[in-house]
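Undergrad: Let me begin by handing over the structure; questions about it come next.
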Amino acid sequence: MLRLHLGSIARALGFAAVALIAPRACALGVATALVKETQQLPGGPAGHIVNSINNTAVNHAGGYAVNVNTTDGVVTLSRIWGNASGGPGSVIRTEATFGSLVQTSYESFYGISNAGQVCYSASGTGGPVGNFDSVWLDDTPIAVQGNPVPSIMGLFWTFGSRPGVTADGKPYWAGGTATTAGGSTSNRGYFFGAGATPFLLGGTTPPGLPFALATGSVNFDYRYSALGTHSITGVVMVSGSTLHDDVVVLDGAGLVVAGTLVREQNPVPAAAGGLAGENWDNFDFFGATEAGDWFFTGDTEPATATDEIIVKNGLVLFREGDSLDGEVLSGAIEGAYMNEDADIAFIWDVQGGVLEALYINDQLVLKEGDAVDLSGDGVPEANAKLVDFTGISSLTLSDRDMLDNVRAYFTADVDTLGTASATDDIEAFFCIEVNVGVPVPVTLASFTATSDPSNGAVTLRWETSLEHEHAGFWVERGGDPQGPFERLDGFVPASGGRYEFLDATSAAGMTYTYRLIAVDRSGREADLGLVTVATSGWKTALSPCAPNPFTDATSLHFQLARAGDAEVVIHDAAGRLVRRLSAGPRAAGAHALRWDGRDEAGRQAAGGVYFVQLHAAGRTQVQKVLRVHD
């Protein structure tokens with residue numbers, strides 16, 4: 001059950017999978033420089049040399065971009081360079097003048113849509129207060145400092161930061177507001193769309209949170225899915241304690257994992273992979289997909305040697321101290337990004353914090369000291385050694401193409417002279433292509449199911465090979481081998497070759513098919529096999545009344561598959577309640593009741609048709625009974 005390929009995702013989201021056929025400069029397994037300092041900007045105006053490289057961006061059609069500054073010796077300009085469909089790069093945007101608004105620089109964060117629209121933050125001169133910070137979608141200003149906030153009466157923009165854009169061209173950003181034009185920032189929020197619809201605002205209390213958000217709480221670490229359907233971020237609450245105020249919000253509500261709000265000092269549940277006595281602490285990088293996958297990075301307390309973690313879909317996927325593809329993760333996570341296929345690229349310290357390494361899922365892709373291709377010909381040069389991954393948040397990852405290849409984009413310093421000094425290093429914008437489509441190589445040796453004769457509960461047992469370092473297993477249940485299947489609660493972590501799972505929610509007298517799903521350390525899933533079982537034990541059922549028809553009294557019989565509330569009531573043909581014979585908890589097994597033909601007031605019921613109803617286990621069963629008089 002691997003993630004959808006780009007073509008399937010593209011069709012589902014309504015955009016073309018142009019990444020399948022677009023030419024690109026990336027080489028499989030080789031970190032190739034697309035732009036580097038001190039060179040003429042490829043596809044740019046003659047004489048303009050790259051003097052700084054900032055953050056990267058990707059869209060969902062195979063496209064990429066990087067923010068650079070160039071100079072011709074006199075003028076320095078901010079530019080967005082790349083290609084919306086993944087081909088050779090060229091200049092996409094350059095700072096410019098639009099009426100009274102004179103752009104003088106770009107913030108390093110921005111986003112690019114599938115059609116090549118760019119949402120970016122520009123600073124400059126002009127506008128309502130003379131100087132401005134702003135958010136733009138191509139040539140159109142969306143939020144300019146000093147202008148009114150269109151969605152909130154009486155407020156004015158003070159800044160726009162960390163902008164992005166959906167695959168279909170809807171802008172979003174973190175923005176600051178003031179009560180007067182030109183005033184100081186009094187609140188922050190996340191805003192979506194050209195109409196600046198507020199998503200999270202300081203002073204409000206999102207569902208699931210115990211406190212309101214602080215007015216300065218909306219930080220700059222947040223992510224939307226490709227079409228903006230899902231979002232995830234970390235915010236700060238007015239909790240009265242700086243040690244207990246950070247919390248994660250998913251789709252506008254507090255994120256709960258295994259019954260616990262993901263909040264500083266709350267415990268990391270053991271069901272999520274938490275260690276004994278471990279609490280959530282800080283939250284850093286985030287990601288979400290249209291399919292509802294999500295992840296975040298952070299650290300925990302009180303441990304220091306195992307506190308850095310990556311959490312995906314409610315499980316600790318990787319932890320500091322883990323051995324991953326030949327290296328031991330240690331120290332800080334320097335960057336992380338999730339694509340629409342839920343693949344995660346991350347940069348983590350290894351070798352005791354001495355080196356940084358780039359991973360995609362569980363594959364070690366590149367680490368400091370490796371040779372890279374600085375010339376752009378697809379061949380690493382022996383004298384070009386990567387010495388530092390750079391940038392605040394410069395790591396991005398494309399969606400998969402039809403061959404399960406992804407492309408990681410990042411910035412890094414390269415040493416070409418073999419010196420320890422960083423003054424002669426060259427910073428470059430790199431791309432590396434990696435195949436991530438390897439299935440989970442776990443072999444199922446046996447898979448059995450047995451039913452408890454007393455209550456119908458099912459115990460599953462299985463044995464697997466240990467061919468791969470995998471995370472564990474999910475169990476899914478259906479009424480038919482063809483499905484549909486529902487995923488049962490309870491992740492079974494890998495702990496050896498033999499496993500057991502109890503399904504206490506199964507009912508007696510039923511036939512179920514169980515499917516076993518293996519999950520590897522990257523979060524990839526694979527079907528291992530099916531087993532079908534007919535459950536034994538009591539079945540929740542209402543038996544026919546006897547005698548029927550009756551004159552003076554009749555016996556009512558029912559069974560319960562397991563202990564729980566059971567109600568037996570009698571209604572007349574018009575649906576009116578006549579008699580309540582039983583209500584409340586009952587043990588599993590067989591039960592018998594007697595109806596003497598009287599109603600709730602003790603009066604003899606008239607002759608005619610009546611309906612006996614059993615309400616138990618979330619179901620209602622009905623039997624018809626006829627009373628006749630002598």
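Laboratory data are not the source of any read-out in this text; all were calculated from the coordinates shown. Please read these numbers as outputs of a predicted model, since none were measured by experiment. For neighbour counting, all protein chains shown are included, and Cβ atoms are generated from backbone atoms with ideal geometry for every residue, glycine included.
Undergrad: Which are the unpartnered cysteines of the chain, meaning those with no other cysteine Cβ under 4.7 Å from their Cβ?
TA: Cys119, Cys545
Undergrad: Among (1) 37, 31, 26; (2) 50, 37, 27; (3) 58, 31, 21, which is the computed semi-axes √(5λ) of the Cα gyration tensor in Å?
TA: (3)
Undergrad: Then there is this: I want the local charge near Asn69. Using Cβ-Cβ distances under 11 Å, sum +1 for each Lys or Arg and -1 for each Asp or Glu among the other residues.
TA: Every neighbour counted, the sum reads -1.
Undergrad: A further question follows. Is the stretch 151-258 rounded, prolate or oblate when judged by the Cα gyration tensor, a ≥ b ≥ c being the square roots of its eigenvalues, rounded requiring a/c under 1.5 and prolate requiring a/b larger than b/c?
TA: Since a/c reaches 1.5 but b/c is at least a/b, the shape of the stretch 151-258 is classed as oblate.
Undergrad: What does the charge add up to near Val612, with Lys and Arg as +1, Asp and Glu as -1, over the other residues with Cβ less than 13 Å from its Cβ?
TA: Surrounding charge for Val612 is +3.
Undergrad: Another question about this same structure. Report the Cα-based extents of the stretch 322-362 along its three principal axes, largest first, to the nearest Å.
TA: Between the extreme Cα coordinates on each principal axis of the stretch 322-362 lie 32, 18, 12 Å.
Undergrad: Report the rotationally averaged projected area of the stretch 96-201 based on its alpha-carbon convex hull, in square nanometres.
TA: Answer in nm², one decimal: 5.9.
Undergrad: In whole Hz and in residue order, list the ³J(HN,Hα) couplings for the stretch 290-295 that follow from phi through the Karplus curve 6.51 cos²θ - 1.76 cosθ + 1.60, θ = phi - 60°; x for Gly and Pro.
TA: 5, 6, x, 5, 8, 8
Undergrad: Report the gain in length on full extension from Ser52 to Ala96: 0.36 nm times residue separation, minus Cα-Cα distance, nm rounded to one decimal.
TA: Residue separation times 0.36 nm, minus the Cα-Cα distance, leaves 14.0 nm.
Undergrad: Could you work out the percent of alpha carbon pairs in the stretch 228-363 separated by over 21 Å, rounded to a whole number?
TA: Cα-Cα pairs in the stretch 228-363 separated by more than 21 Å: 39 percent.
Undergrad: Next up: Residues with beta-carbon under 15 Å from that of Asn51, excluding Asn51: net charge, scoring Lys, Arg +1 and Asp, Glu -1?
TA: My count for the surroundings of Asn51 gives -4.
Undergrad: Got a sec to turn the phi values of the stretch 253-259 into Karplus ³J(HN,Hα) couplings, 6.51 cos²θ - 1.76 cosθ + 1.60 with θ = phi - 60°, whole Hz, x for Gly and Pro?
TA: Calculated HN-Hα couplings, in order: 9, x, 7, 10, 10, 6, x Hz.
Undergrad: Now, a different point. Given charges of +1 on the Cβ of Lys and Arg and -1 on the Cβ of Asp and Glu, with all other atoms neutral, how large is the dipole of the chain about its Cα centre, in debye to the nearest 20?
TA: Magnitude of the dipole: close to 3140 debye.
Undergrad: Turning to a different aspect of this structure: Using helices alone, what [θ] at 222 nm do you get for the chain, with -39,500 (n - 2.57) per DSSP H run of 4 or more residues, divided over all residues and rounded to the nearest 500?
TA: -500 deg cm²/dmol
Undergrad: Further question: How big is the Kirkwood radius of the stretch 482-630, worked out from every pair of different alpha carbons and given in Å to one decimal?
TA: 18.6 Å
Undergrad: Now for a separate question. Where in the stretch 531-575 does the label zone of Leu502 land, with the point 7 angstrom along Cα→C-beta and an amide N cut-off under 19 Å?
TA: The answer is 535-538, 561-564, whose backbone nitrogens lie closer than 19 Å to the label point.
Undergrad: May I ask which residue of Leu556, Gly87, Ser184 lies farthest towards the positive end of the charge dipole of the chain, with charges of +1 (Lys, Arg) and -1 (Asp, Glu) on Cβ and the Cα centre as origin?
TA: Leu556
Undergrad: A further question on this structure: R0 = 41 Å: FRET efficiency of Asn219 with Ser465, Cβ-based, nearest 0.05?
TA: So, using R0 = 41 Å, E works out to roughly 0.40.
Undergrad: Classify the stretch 438-526 as rounded, prolate or oblate, taking a ≥ b ≥ c as the square roots of the eigenvalues of its Cα gyration tensor: rounded when a/c is under 1.5, otherwise prolate if a/b is larger than b/c and oblate if not.
TA: Here the stretch 438-526 falls in the prolate category.
Undergrad: Karplus couplings for the stretch 56-70 from phi (6.51 cos²θ - 1.76 cosθ + 1.60, θ = phi - 60°), rounded to Hz, Gly and Pro as x?
TA: With coefficients 6.51, -1.76 and 1.60, one gets 10, 8, 9, 10, 10, 10, x, x, 8, 7, 9, 8, 10, 10, 10 Hz.
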